[in-house]
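The values are calculated or read from the model by the stated rules, or taken from the named source; none is laboratory data. Note that the structure is a prediction, hence the values are computed from the model and not measured. FYI the Cβ positions are ideal-geometry reconstructions off the backbone, even for glycines, and counts take in every protein chain you see.
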Amino acid sequence: MTIPIPSNLPGFAATQLGLADPGRCAVKRLTLQPDGSITSSDYDNGYEWWFRLFDAGSDFDRMAHELRRMARLDRVILCMGSPKPGLDLSTPHRRLWARSDPRENTMITVPRAWIAIDVDDAPVPAGLGAPGRYVEGAIYVRDAFLPEEFRGATMIVSPSARTGLRGPALLRARLWFLIDRPHELPVLKRWTRGLKAVVGVGDSAIDQAAQPIYTGRARFVGMADQIPPQLWAVVVRGSKDRVGLVADRYEPKVVEIERKMVATLAVARIESGIGVPSSASGGDWRGFLETTLGDDLGFFEPLTKGIGIAARSGDPDAEIVASTLALLSRRADPSRIAQYDAAWIARSLERFRAMDGRTRARRDAALSSLFGKEA
Amino acid sequence: MNKPPDDDLFSSIEKARGALPPGEYVAELVTALPLHTPKTRGAIAIVKIMEGEYRGREIQLRFVEEGPSTIDGIIARDAAALRAWSEAVGAEGRPSRKDGFEGALKLIWDAGRNKRVVLKIDVRMSRAGVSEMFLVGVRLDDYPDTF
């Protein structure tokens, strides 16, 4: 029997963003190579986006319908946050939510009563990783990997770019759940971070105000999309429509991870000096990546933080790229190695330096404005 | 003035530490002190809340003027906040670079006397788990009609 949903609880509410930059898209491109391997391009870096409030309510069918619709749109994403109050939605904006000056942010953290759990190569019984059976694989993951409160819960299952392409016994998918009360995004992020560390599924990055949840189907070059359109979002009915999320379930583990991260980051920053070439000290970003890459935090967060430190280290780009690739080759699976390739690392370095340049200019302008011309 | 929000985000623990919830406060600059840490330099504004639930509470707002390049964004934010505060109270002239942020606060103190200044304060949790208050907006409020 399905437990009725109280009507006053928020449902699948989010912000829908559409890329305003012409010629860019928010989907991956998967290309079949002559040797049978599949290469993947990363998402384009969108600069400005149109913002639109999104609310599918507590209706799973409606949300699944919206997800199937968005799967056809290659310039649209969802974000869990909300546009900053007063933001002019008639014009595009950058996705900003963690600026040191919060007035610059365009999106804010708000409580949400839903959660999306990314499943990235979870082992499933043979056959359940196949394109036509991935929904069964998702049910297996829900009941075998997720905490007890998720067992038998209604969910929506949607595929990622490589769903069905990782072999018959590995699942990639996204699981969407309604939860029994709204939680602030940092709370959900901590929960997902703990889930990832303890059971190996989930991506805490998406539990942030303006972090993209990519919803468009990938572009497949030289190959067909293995997932038929009717499986682009599937409602799996369960015995309850809301999950009573135990938000602090993984708190001790998360505290442990954060302590380690803060300590490692502090050492890396101290050793790298500030704007001083770090090659003499030798530790810094290398030490940070060595300690964190592929550990509890996975790959994306350590890579971006480590490369951020490296960008300021004064070390040559070629050395940073080579060291990072060498570490990745030892710790990551082939698809991650392909995803975080030399070009990705070089682009990240460039992006961090450009960001630093803009911040420096903003600092100079603010000081000049306060002190006058002499600043 | 609206009562500052007091929700789940702001636990009783934070209150005990002396931090305020994010919101707008009628406040008076009491004094300015130099800020020196091993890597940063700037000024500390001691601000007294003049109305509302937190009336009488004194808080510290830190404004960082110099530091490593990793905090350029914070310096930009703090310089812009001081500029906004100066403009709101109609401070005359500008501080010299030598007088720095402490000089800016002294000009603000001079100009802000007997004015009803509303500070918009935000609160952020640092990595170390400490609540940090910072100034995100300033406006001059008219005195109530009954004054």
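Report yes if A:Thr91 is over 26 Å from A:Thr359 (Cα atoms), surrounded by fewer than 21 Cβ atoms within 10 Å (Cβ to Cβ) and polar (S, T, N, Q), otherwise no. No. Filtering the range B:34-61 to residues that are part of a strand (DSSP E or B) and within 19 Å of B:Gly73 (Cα to Cα) leaves B:Leu35, B:His36, B:Arg41, B:Gly42, B:Ala43, B:Ile44, B:Leu61.
Being within 14 Å of chain A (Cβ to nearest Cβ), among the acidic types (Asp, Glu) and closer than 19 Å to B:Arg139 by Cβ is the requirement here; does B:Asp122 meet it? Considered against the rule, which asks whether it is within 14 Å of chain A (Cβ to nearest Cβ), among the acidic types (Asp, Glu) and closer than 19 Å to B:Arg139 by Cβ, B:Asp122 comes out as yes.
Return yes or no: is A:Arg242 under 26 Å from A:Asp44 (Cβ atoms) and either surrounded by 21 or more Cβ atoms within 10 Å (Cβ to Cβ) or among the small types (Gly, Ala, Ser) (or both)? Criteria not met by A:Arg242.
Here B:Leu105 meets each of (1) more than 10 Å from chain A (Cβ to nearest Cβ); (2) surrounded by fewer than 21 Cβ atoms within 10 Å (Cβ to Cβ); (3) more than 10 Å from B:Val138 (Cβ to Cβ) with one exception, condition (2). If you check A:Ala98, A:Ala116, which single one turns out to be surrounded by fewer than 16 Cβ atoms within 10 Å (Cβ to Cβ), under 19 Å from the mean Cα position of the chain (by Cα) and in contact (Cβ under 8 Å) with a residue 24 or more places away in the chain? The conditions single out A:Ala98. Restricting to the range A:222-231, count the residues that are within 20 Å of A:Leu67 (Cβ to Cβ) and surrounded by fewer than 19 Cβ atoms within 10 Å (Cβ to Cβ). So the count comes out to 5. Within the group A:Arg219, A:Arg193, which residue is surrounded by 23 or more Cβ atoms within 10 Å (Cβ to Cβ), touching a residue at least 24 places away in the same chain (Cβ under 8 Å) and among the charged types (D, E, K, R)? Result: A:Arg193 is the single residue among A:Arg219, A:Arg193 that is surrounded by 23 or more Cβ atoms within 10 Å (Cβ to Cβ), touching a residue at least 24 places away in the same chain (Cβ under 8 Å) and among the charged types (D, E, K, R).
For the range A:341-372, filtering for residues that are over 20 Å from B:Gly67 (Cα atoms) and charged (D, E, K, R) leaves 4.
Could you check the range B:36-81 and list, in sequence order, the residues that are over 19 Å from B:Val26 (Cβ atoms), in contact with a Pro (Cβ under 9 Å, 6 or more places away or on another chain) and in contact (Cβ under 8 Å) with a residue 40 or more places away in the chain?
Within the range B:36-81, B:Arg41, B:Gly42, B:Ala43, B:Arg77 meet the criteria.
Answer yes or no as to whether A:Asp295 is buried (at least 18 other Cβ atoms within 10 Å of the Cβ) and at pLDDT 60 or above. So A:Asp295 does not fit the description; no. Looking at A:Ala361, A:Ala332, A:Ala322, A:Ala354, just one residue is surrounded by fewer than 14 Cβ atoms within 10 Å (Cβ to Cβ), small (Gly, Ala, Ser), modelled with pLDDT of 85 or more and closer than 29 Å to A:Gln33 by Cα, and that residue is A:Ala322.
The set of residues from the range B:72-100 being farther than 16 Å from B:Gly137 by Cβ, at the interface with chain A (Cβ under 8 Å from one of its Cβ atoms), part of a helix (DSSP H, G or I) and not acidic (Asp, Glu) comprises B:Gly73, B:Ile74, B:Ile75. Residues of the range B:29-62 that are within 14 Å of another protein chain (Cβ to nearest Cβ), buried (at least 20 other Cβ atoms within 10 Å of the Cβ) and farther than 15 Å from B:Trp109 by Cα: B:Gly42 alone. You will find that of A:Asp203, A:Asp207, A:Asp225, A:Asp180, the residue that is more than 30 Å from A:Val255 (Cβ to Cβ) and among the acidic types (Asp, Glu) is A:Asp225 and no other.
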